[in-house]
Amino acid sequence: RAKQAGYSYAYFNVAHDRRNPHDIEKTAALHHAIERGELQVYYQPVVTASDHRLIGHEALVRWNRPGGMVSPAEFIPLAEATGQILNIGAFVLRQAALDAHTRRIGRVSVNVSAREFEQPGYAEQVRAVLEETGVDPDLLVLEITESSLLNAERAGAVLNDLRSLGVRLALDDFGTGYSSLGAMSSLPVQILKIDRSFTRDLGREGPAGTRALEVIRAIVTLAGAMEVLTVAEGVETPLQAALLREVRCTFLQGFLFGRPAPLPALD
Ligand code: C2E
Ligand code: CA
Ligand code: CA
Ligand code: CA
């Protein structure tokens, strides 16, 4: 353990000497995790809002550390700061593409961090993965966040390149940033993912519940006018699912329908 921490200093000191020792140690551990294959892709089901039919899954990375499972909330931000997200993202995309191709799990959504999206040649990398795995591009969805779209002109060009590969594009965590549906309407995005912070209040008694319902209704209505499909994240109760169906959200995702889990092993 001590030896590993020492190694981490030697290896990462140059670029990240302002970070705290805990992060430096975790960065080194993550570096080993990638090399040792400790990262694993979990899948969470996505269903239709109308009749809860399974249509696909979201790929969510996990770090299966010897000491226990580490949540991406704990290492993705760090991996973004160090650039390790580029390796992680490439691993998840390839695995998700392979699983979509060989495991009959429907459409698979993959999270793309801003750092990956901004990388020169990102669309070319995706093209190479499609070619290598042989997956039908129609089975892949790339989830982009608003922070990837800050440079609107360049983002539009990359989105168009990705779209021309045949993959679908989703705007993740919609409603948490500053972009408007209007700004979004010029982008080649097919799916909006309504952030869990809205779903969470849905079905609550009182003003918070009412407001959440009206906000979601407005998002779904405008998305519909733009011919964009909607996914509500974080659906946990039958009441939330019923309300989302009522406002005509297209798809639902959340613990009510299944937690992220590894695919069953092949014999
Ligand atoms: P996200 O993309 O918004 O993913 C949805 C998160 O909500 C997941 O957390 C999922 O487990 C959780 N979730 C789903 N349904 C429910 C629910 O009903 N209730 C609650 N309380 N939570 C629910 P997870 O897997 O911990 O991932 C957290 C974030 O880490 C993701 O948020 C995404 O931003 C990032 N992430 C995960 N995997 C990857 C990856 O492969 N690449 C990149 N760049 N980011 C990833
Ligand atoms: Ca996501
Ligand atoms: Ca999300
Ligand atoms: Ca989220």
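The values are calculated or read from the model by the stated rules, or taken from the named source; none is laboratory data. As the structure is a computational prediction, the values presented were derived from the model and not from experiment. Neighbour counts are summed over all protein chains in view; Cβ atoms, including those assigned to glycine, are modelled from backbone coordinates with ideal geometry. Heads up: the accessible areas ignore ligands, DNA and RNA and are worked out on the full protein's heavy atoms, side chains in. Shrake-Rupley method; radii C 1.70, N 1.55, O 1.52, S 1.80 Å.
Brief remarks follow.
Table: residues versus (1) of a type outside the set (Gly, Ala, Ser); (2) at pLDDT 95 or above; (3) touching a Ser or Thr at 6+ places or on another chain (Cβ under 6 Å).
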{"residue": "Asp23", "(1), (2), (3)": "yes, no, no"}
{"residue": "Ala81", "(1), (2), (3)": "no, no, no"}
{"residue": "Leu93", "(1), (2), (3)": "yes, yes, no"}
{"residue": "Ala96", "(1), (2), (3)": "no, yes, no"}
{"residue": "Ala100", "(1), (2), (3)": "no, yes, no"}
{"residue": "Val108", "(1), (2), (3)": "yes, yes, no"}
{"residue": "Tyr122", "(1), (2), (3)": "yes, yes, no"}
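- Listed by first and then second residue, the pairs with beta-carbon distance under 6 Å, at least 6 apart or on different chains, first residue in the range 22-34 and within 16 Å of Gly83 (Cβ to Cβ), second open to solvent by less than 30 Å² (accessible area, probe 1.4 Å) and among the β-branched types (Val, Ile, Thr), are Thr27/Thr82.
- Test result for Thr230, within 16 Å of ligand 2 (Cβ to nearest atom) and among the β-branched types (Val, Ile, Thr): yes
- Leading residue by the ranking (nearest to ligand 4 (Cβ to nearest atom)) among those in the range 237-267 that are open to solvent by 80 Å² or more (accessible area, probe 1.4 Å) and touching a residue at least 24 places away in the same chain (Cβ under 8 Å): Arg259
- Annotation note: Cβ proximity below 6 Å between a residue of the range 112-129 that is of a type in the set (Val, Ile, Thr) and a residue that is crowded, with 19+ Cβ neighbours inside 10 Å (sequence gap 6+ or interchain) occurs for Val112/Leu142; Val112/Ile144; Val129/Leu93; Val129/Ala97.
- Here the condition is being of a type in the set (Phe, Trp, Tyr) and farther than 25 Å from Ile105 by Cβ; of Phe198, Phe251, Phe255, it holds for Phe198 alone.
- Hits in the range 192-224 - residues which are within 15 Å of ligand 1 (Cβ to nearest atom), in contact with a helix residue (DSSP H, G or I) (Cβ under 9 Å, 6 or more places away or on another chain), open to solvent by 20 Å² or more (accessible area, probe 1.4 Å) and not in a loop (DSSP other than H, G, I, E, B): Ser197, Phe198, Arg200, Asp201
- The residue that is least open to solvent (accessible area, probe 1.4 Å), counting only those in the range 107-146 that are more than 16 Å from ligand 2 (Cβ to nearest atom) and in a loop (DSSP other than H, G, I, E, B), is Val135.
- Every residue from the range 150-159 that is open to solvent by less than 30 Å² (accessible area, probe 1.4 Å) and among the hydrophobic types (A, V, I, L, M, F, W, C): Ala155, Val158, Leu159
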